[in-house]
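Report on the following structure.
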Amino acid sequence: MNEQLEDILHQVSKSPLIDNGELEKAYRLVISSLHKGLNIQRAGVWFVKGDYSEINCQLLIDTYHQTEIEVLTISALDYPQYLLALKGERAILANDAHTNNATSEFSEGYLTPLEISSMLDVPIRHKGEMIGIICCEHIGNKRQWSEDEATFVSSLADLIGRAINAQALKQSEQKLNDINDKLEKTIKERTAQLVESEKMAALGNLVAGIAHEVNTPLGISITASSAITDSIKKLEKAMKDGRLSEGLFKSFLQESYKLLFMLEHNLGRAADLIHHFKQTAVDHSDQNIHIFDVEKSLRSLVLSLKTEMTKYGVNVKLDVVEKLTIYSYPSAWSQIFSNLILNSCNHAFENNNNPEINIKVSTTQDNIIAEYIDNGCGIPEENIGQIMLPFFTTKRGQGGTGLGMSIVYNLITEQLKGTIKIKSELGKGINILIECPLTTLPQ
């Protein structure tokens with residue numbers, strides 16, 4: 001191939017228009033290169049229909065007649081020899097297009113009206129199949145096409161094949177991105193549903209805790225109230241029967257005082273429990289940011305989880321800086337420690353005779369530092385990096401969703417703008433260090 005054609009081909013082959021998937025621009029680049037390299041005035045890119053019944057023009061530029069055609073269809077039935085030649089040959093070099101066996105069918109209806117004397121047509125192949133044609137048409141006197149020119153056009157046809165591959169790849173990538181976007185949206189929706197389920201489960205535990213803890217003092221109060229009622233009935237009957245004595249009356253008063261004290265004590269206990277449960281419920285549901293007492297919030301939370309902790313015999317110790325208040329999201333902090341405590345209860349203390357959780361809260365000048373420690377079974381080293389991933393659980397099929405620690409991580413890093421570090425060894429419990437700003441900026 002001569003140097004000029006090689007230079008043109010080189011420029012086209014390295015053009016980003018070939019590989020960016022924009023076929024219209026790639027076709028124009030190839031056609032302008034044909035005009036320049038072959039010194040012709042008419043060239044086009046055509047594609048055959050799947051059953052070879054039609055040949056459709058994709059783009060044809062004629063600088064002689066000053067026309068540009070994008071929609072033109074030729075029936076293959078009208079030009080069978082031409083299509084047969086293209087299927088069987090790499091290129092058609094018709095120096096005299098009017099007499100060439102492959103192109104003479106075009107003479108009367110196409111070549112003569114357009115003053116075309118010679119044609120050089122090359123198939124465009126994709127995945128081994130002919131899918132189209134590059135058509136080079138010389139206007140004026142007949143010309144002898146050289147092998148170099150045929151090779152040049154064939155190389156440009158291969159570049160169109162490359163451009164088609166690029167477009168197919170781009171479309172596949174777009175479809176894959178669309179599928180990924182849809183999948184991510186579905187995962188987010190399902191995750192949100194599961195997170196909501198986790199919250200409802202936490203609410204269920206809270207309600208169960210209230211029912212269990214309040215039931216005992218209320219039951220005692222009802223018993224005391226019934227006993228007082230019975231004593232009053234006995235006193236009333238003794239008075240009617242004329243058997244009411246000073247000793248009987250004093251005995252009644254002594255028993256009543258005892259029962260009233262029991263009633264008052266247990267009703268007070270129930271009221272105190274309800275107050276703590278109410279505080280915990282507010283902490284869980286309050287999505288607003290405001291100043292709150294950290295120790296008070298933690299003690300209310302621990303009390304609300306007493307039923308679950310009692311089930312495993314877990315003892316929770318709090319060591320919080322006195323009168324520590326922070327400007328933050330109480331709901332986030334409540335959910336963080338609720339998830340951590342329940343996680344320990346559900347996973348850490350099997351075959352542990354003295355299960356214990358220690359929560360230490362201190363401050364620096366700008367940050368609150370919370371250290372969560374349990375003396376449970378610990379976590380295998382290979383799992384530490386995974387426990388904060390969504391859906392990671394070692395109790396699949398046993399009620400574990402694998403979202404607890406993922407929620408903790410997201411609350412700390414996203415909502416509270418803090419950090420979390422986890423250290424653990426098998427048989428040596430877990431140590432979780434949480435550090436967040438004392439003042440959280442509203443989102």
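Evaluated against (1) in contact with an Asp or Glu (Cβ under 6 Å, 6 or more places away or on another chain); (2) loosely packed, with under 11 Cβ neighbours inside 10 Å, Ala166 falls short on exactly one condition, (2). Look at (1) within 16 Å of Arg143 (Cα to Cα); (2) β-branched (Val, Ile, Thr); (3) touching a residue at least 12 places away in the same chain (Cβ under 8 Å) and you find that Thr99 fails only one, number (3). Quick one: in the stretch 223-233, of everything that is of a type in the set (Val, Ile, Thr) and in contact with a helix residue (DSSP H, G or I) (Cβ under 9 Å, 6 or more places away or on another chain), which residue is farthest from Arg269 (Cα to Cα)? Here the residue is Ile232. Among the residues of the stretch 104-134, those that are crowded, with 21+ Cβ neighbours inside 10 Å, in contact with a Phe, Trp or Tyr (Cβ under 7 Å, 6 or more places away or on another chain) and among the hydrophobic types (A, V, I, L, M, F, W, C) comprise Phe106, Leu120, Ile133. Restricting the stretch 296-315 to residues that are touching a Ser or Thr at 6+ places or on another chain (Cβ under 8 Å) and farther than 19 Å from Asn352 by Cβ leaves a set whose member that is modelled with the lowest pLDDT is Ser304.
Restricting attention to the stretch 8-32, the residues being outside any helix (DSSP H, G or I) and without any contact (Cβ under 8 Å) to a residue 12 or more places away in the chain number 1.
Residue-by-condition table, conditions (1) within 26 Å of Glu308 (Cβ to Cβ); (2) of a type in the set (Asp, Glu); (3) at pLDDT 90 or above; (4) touching a Phe, Trp or Tyr at 6+ places or on another chain (Cβ under 6 Å):
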| residue | (1), (2), (3), (4) |
| --- | --- |
| Glu137 | no, yes, yes, no |
| Thr151 | no, no, yes, no |
| Ala163 | no, no, yes, no |
| Ala168 | no, no, no, no |
| Leu176 | no, no, yes, no |
| Ile187 | no, no, no, no |
| Met200 | yes, no, no, no |
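Looking only at residues of the stretch 316-346 that are closer than 23 Å to Lys417 by Cα and of a type in the set (Gly, Ala, Ser), we find that the one that is modelled with the lowest pLDDT is Ser331. Of the residues that make up the stretch 80-94, is at least one in the same structural domain as Thr63 (by TED's automatic domain parsing), under 28 Å from His10 (Cβ atoms), surrounded by fewer than 17 Cβ atoms within 10 Å (Cβ to Cβ) and not polar (S, T, N, Q)? Yes: the stretch 80-94 contains one or more residues that are in the same structural domain as Thr63 (by TED's automatic domain parsing), under 28 Å from His10 (Cβ atoms), surrounded by fewer than 17 Cβ atoms within 10 Å (Cβ to Cβ) and not polar (S, T, N, Q). Picking from residues in the stretch 419-439 that are in contact with a strand residue (DSSP E or B) (Cβ under 8 Å, 6 or more places away or on another chain) and part of a loop (DSSP other than H, G, I, E, B), the one that is farthest from His290 (Cα to Cα) is Gly429.
Against the test of being in the same structural domain as Leu159 (by TED's automatic domain parsing), surrounded by fewer than 21 Cβ atoms within 10 Å (Cβ to Cβ), in contact with a Phe, Trp or Tyr (Cβ under 6 Å, 6 or more places away or on another chain) and more than 29 Å from Gln4 (Cβ to Cβ), the options Asn56, Asn101 yield a single qualifying residue, Asn56.
Quick check on Leu84: is it hydrophobic (A, V, I, L, M, F, W, C), free of Cβ contacts under 8 Å to residues at least 24 places away in the same chain and out of contact with any strand residue (DSSP E or B) (no Cβ under 9 Å at 6 or more places or on another chain)? Yes: the conditions hold for Leu84. Note on the stretch 125-154: residues that are assigned to a strand (DSSP E or B) and within 21 Å of Thr67 (Cβ to Cβ) total 8. For the condition touching a helix residue (DSSP H, G or I) at 6+ places or on another chain (Cβ under 6 Å), farther than 19 Å from Asp148 by Cα and surrounded by 18 or more Cβ atoms within 10 Å (Cβ to Cβ), Leu5 does not qualify. Select from the stretch 86-124 the residues that are under 13 Å from Val48 (Cβ atoms) and either at pLDDT below 90 or in contact with a Pro (Cβ under 6 Å, 6 or more places away or on another chain) (or both) and list them in ascending order. Leu86, Lys87 - these are the residues of the stretch 86-124 that are under 13 Å from Val48 (Cβ atoms) and either at pLDDT below 90 or in contact with a Pro (Cβ under 6 Å, 6 or more places away or on another chain) (or both). Name the single residue that is nearest to Asn20 (Cα to Cα) among those in the stretch 139-160 being without any contact (Cβ under 8 Å) to a residue 40 or more places away in the chain and of a type in the set (S, T, N, Q). This residue is Ser146.
Here Gly44 passes the criteria (1) more than 22 Å from Ala163 (Cα to Cα); (2) within 54 Å of the chain's Cα centre (by Cα); (3) not in a loop (DSSP other than H, G, I, E, B) except the one numbered (1).
The values are calculated or read from the model by the stated rules, or taken from the named source; none is laboratory data. All of these numbers come straight from a predicted model, not from anything done at the bench. We place every Cβ from the backbone using ideal geometry, glycine too, and count neighbours over all the protein chains shown.
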